[in-house]
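One structure below.
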């Protein structure tokens, strides 16, 4: 099988690595990819939002399966363009992708499917936002209705900050959702589906806040780990039954066929699990720790879902994986870039370590330089969480560039 992964971040590097380890995969291509993924795949220059260009590239390369990593190409209809050329594609249609592309649409599906979730109001004016904030009280949760690259959500106890974020969203022509704050541990569960049959992957937990102790602004994710030893047995099956399957049934009722991965971001509240959001793609960085433990063939799983004939559930290696993000100075706001990354070879060679490249570019002297907020994702694998965590941080110690930082407490509470 020949495969093409669309995207340029750490998630796409991880997908390419997993596909390259599949004995049934004869070629792995990534477009546009990043220099770090070049060791496991052939890179191609393409605009990932241009469906026609992506479909043409897939046809030119003669691939059997296209896997779309990020959400923006899916919302833009790239999967539709690929399928229109008769090429199998793992990822939902533009219509189905609205479950992430529009928070309002997602909430309407949740309500119709009777999925447990927080209360929310759609606001189009400052007065409506102020009234909703007063109704729900602090901490305030304000979300841009549209895609915002992981920066559309503000959770704050400062009312003025909440009003400011809402005003910025409105100025961009976007509606705003003000939601009830949900408290509790957060869990990520990825479900692969062909539109009818659903297969859950391993639950994972990621860390959104930029600072230790879950302080500071939200980010795209500063770390992740799996397994989650504190989860009850049967958790994944319960989530499929109560959240994922009703949602897919509701989408089908609306005439929408969903094929791909459906991410459930869940908060384990005192009243039970509640859905925070749906994503239409593998999470970044939480899917990396799941993919690294996979022992069955990823290509067969994704291809069977794309074809509407989902295969057997995946299998995993024993043990654990812990990921820590190494970020650039300024993240998640304006970031410093262009700094040479030192120690990468040593980090890759560390025991039990894998390093995924995210925000990197090739410098003029042929060395990797920083080119984004989340620069590298360092994963430690081991027989248990403490060992995996220790290996991740040991590898991370080799990495250096001006202003580099990371959280020091990823998976600390479950690794003692």
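Laboratory data are not the source of any read-out in this text; all were calculated from the coordinates shown. Keep in mind that what you see is a predicted model, and the values were worked out from it rather than measured. Positions of Cβ are backbone-derived with ideal geometry, glycine not excepted, and every protein chain shown enters the neighbour counts.
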Problem - Cα-only Debye scattering, the range 218-286: base-10 log of I(q)/I(0) at q = 0.23 Å⁻¹ - result: -1.25
Practice task
With a/c under 1.5 counting as rounded, go ahead and sort the range 173-265 into rounded, prolate or oblate using the C-alpha gyration tensor (a ≥ b ≥ c being the square roots of the eigenvalues; past the cut-off, prolate if a/b is larger than b/c, else oblate).
Solution key: oblate
Fill in the blank from the handout: So, for the Cα atoms of the range 187-330, Rg and Dmax in Å stand at 15.6, 47
Completion exercise
Expressed in angstrom and rounded, the centroid-to-centroid distance over alpha carbons for the range 219-274 and the range 141-180 is 24 Å
Exercise for the section: Could I have the simple spin-label model distance between residue 252 and residue 365, label points 7 Å from Cα toward Cβ, reported in nm to one decimal? Expected result: 5.9 nm
Completion exercise
Output for the range 253-337 (equivalent-ellipsoid semi-axes, sqrt of 5λ from the C-alpha gyration tensor, Å, descending) is 27, 21, 17
Problem - Potential lengthening between residue 270 and residue 295 on full extension [0.36 nm per residue; Cα-Cα distance subtracted] - result: 5.5 nm
Practice task
Pop a pseudo-label 7 angstrom from the Cα along the beta-carbon direction at both residue 212 and residue 2 and give the gap in nm to one decimal.
Solution key: 5.1 nm
Problem - Ratio of the Cα radius of gyration of the chain to 2.2 N^0.38 Å, where N counts its residues - result: 0.94
Fill in the blank from the handout: Note: residue 172 to residue 333 extended length (0.36 nm per residue) minus current alpha-carbon separation gives 56.1 nm
Practice task
Using Cα centres only, tell me the gap between the range 78-98 and the range 1-51 in whole Å.
Solution key: 18 Å
Problem - Rh by Kirkwood over Cα pairs, then Stokes-Einstein D for the range 32-134 at 1.567 mPa s and 4 °C, µm²/s - result: 80 µm²/s
Practice task
Within 10 Å, count the other beta carbons around each residue, average over each peptide in 336-347, 384-395, and list them highest first.
Solution key: 384-395, 336-347
Exercise for the section: Would you mind listing how long the range 120-179 runs along its three principal axes, going by Cα atoms, in whole Å with the largest first? Expected result: 26, 20, 19
Handout entry: 287, 333 arranged by Cβ crowding within 10 Å, fewest neighbours leading
Key = 333, 287
Fill in the blank from the handout: Rounded to whole angstroms and listed largest first, the alpha-carbon spread of the range 81-181 along its three principal axes comes to 51, 31, 19
Practice task
Treat the count of other C-beta atoms within 10 Å as a stand-in for reagent exposure and order 230, 401 from fewest to most.
Solution key: 230, 401
Completion exercise
Going fewest to most other Cβ atoms within 10 Å around each Cβ, 219, 370 line up as 219, 370
Practice task
Obtain the nm distance between the two label points defined at residue 104 and residue 408 by a simple spin-label model: each point lies 7 Å from its Cα along the Cα-to-C-beta direction.
Solution key: 4.6 nm
Completion exercise
With N residues in the range 292-410, Rg(alpha-carbon) / (2.2 N^0.38 Å) equals 1.24
Exercise for the section: Please work out the FRET efficiency for the pair residue 122 and residue 238, using the Cβ-Cβ distance as r and a Förster radius of 30 Å; give the result to the nearest 0.05. Expected result: 0.55
Problem - Surface/4 of the Cα convex hull for the range 2-90, nm² - result: 4.8 nm²
